[in-house]
Amino acid sequence: MRLVLLGAPGVGKGTQADQLSARFGRPKISTGDILREAVRNETTLGLEAKACMDEGKLVPDSIVVGIVRDKLGEPACARGFLLDGFPRTVPQAEELGRMLEGRGSRLDRVVNVMVPREEVVKRLTGRRSCPKCQAVFHVDFAPPARAGSCDRCGAALVQRTDDKRETVEARLKVYEEQTAPLIHYYRQKALLSDVDGSGRVEDVQRRLVEVLEAHRLT
Ligand code: AP5
């Protein structure tokens, strides 16, 4: 299972990738999570990425490509992986193709998760994350048992700096300009499946699993 989850910010790629990863035992590679960890740890990479992320812009291709190359080289990825948030530009997609080819491998499927824009804005502006264990909640759609506290570890939940309304708008614009062209890119390669990302998390998961089963990837 060598899978890419494609879609605008907030369509639920991370939520779905976590569930697929647990269900099928394949590692999730989230460039957003890796970059946020680097920012928290104030590494050179984190310091370089922070300004772009806070403004809702993409981090340079060279940085994210390096991150993914390192991850794909780990033994855990030998039997497959779920890419969440990568590739995000056509040059990243081309580089991914070359990386896999160099390993005698290729992508099996790219799933394009689609959610109406107004729903995505609600999901992003209401998202709350745990700064300690990285669990993700939503004030309305996936509220924690005790308002403001993480169900898993009890830490105080925070809003991601890039989930503020104006940054969300900037991220959606960047998506349209730089990432949406990947839909055409992968459709032309006959690798793309569209999945409706609206409705309950479990319904979206079921639709995703149906696509994987239809392509004999489970
Ligand atoms: P990244 O972390 O990848 O952000 P993103 O793509 O904008 O995606 P999100 O994490 O915002 O949303 P998601 O689709 O995973 O939704 P989630 O499941 O959390 O990237 C952040 C930044 O890092 C970028 O802006 C860029 O600067 C940089 N970056 C990362 N990768 C890069 C790359 N390849 N190249 C260059 N730069 C890169 O769900 C959202 C909310 O909705 C949650 O609260 C969740 O609980 C809720 N929710 C989920 N599903 C449902 C549902 N079915 N119904 C109701 N609520 C739901």
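FYI, it's all coordinate maths here, none of it is from the lab. Bear in mind that the values here come from a model prediction, so they are computed numbers and not experimental data. Please note: Cβ atoms are built from the backbone with ideal geometry, for glycine as well, and neighbour counts cover all protein chains shown.
Distances between placed amide hydrogens fall under 5 Å for R128 paired with F137, H138, V139, all partners being 5 or more residues away or on another chain. Where does the charge balance sit around L82 when Lys and Arg score +1, Asp and Glu -1, over other residues with C-beta under 13 Å from its C-beta? Around L82, the charge tally is +4.
Using the average count of surrounding beta-carbon atoms within 10 Å as a protection proxy, the listed peptides 78-91, 157-170 rank, highest first, as 78-91, 157-170.
What's the extension gain from L217 to V139 if we count 0.36 nm per residue and subtract their Cα-Cα distance?
Extending this stretch completely gives an extra 24.7 nm.
Using every pair of separate Cα atoms, the Kirkwood estimate puts the hydrodynamic radius of segment 128-218 at 16.1 angstrom.
Fully extending the segment from R200 to Q178, taken as 0.36 nm per residue of separation minus the present Cα-Cα distance, adds 5.1 nm. When the convex hull of its Cα atoms is viewed from all sides, segment 6-91 shows a mean projected area of 5.9 nm². For G197, the residues whose modelled amide H falls within less than 5 Å of its own, excluding neighbours fewer than 5 places apart on the same chain, are M114, V115.
Please give the length that would be gained between E101 and R40 if that part of the chain were fully extended, namely 0.36 nm times their separation in residues minus their C-alpha to C-alpha distance (nm, one decimal). Don't jump to the answer; show the numbers that get you there.
Working: separation 61, 0.36 × 61 = 21.96 nm, distance 3.33 nm.
Once the chain is fully extended between E101 and R40, it gains 18.6 nm.
Over all pairs of different C-alpha atoms, the chain has a mean inverse distance whose reciprocal, the Kirkwood radius, equals 17.8 Å. Near the amide H of V4, within less than 5 Å, lie the amide hydrogens of L83, R109, V110, V111, all on another chain or at least 5 residues away, with H placed in the peptide plane. Above 15 Å lies some portion of the pair distances; for segment 96-179, what is it as a whole percent of all C-alpha pairs? Percentage above 15 Å: 68.
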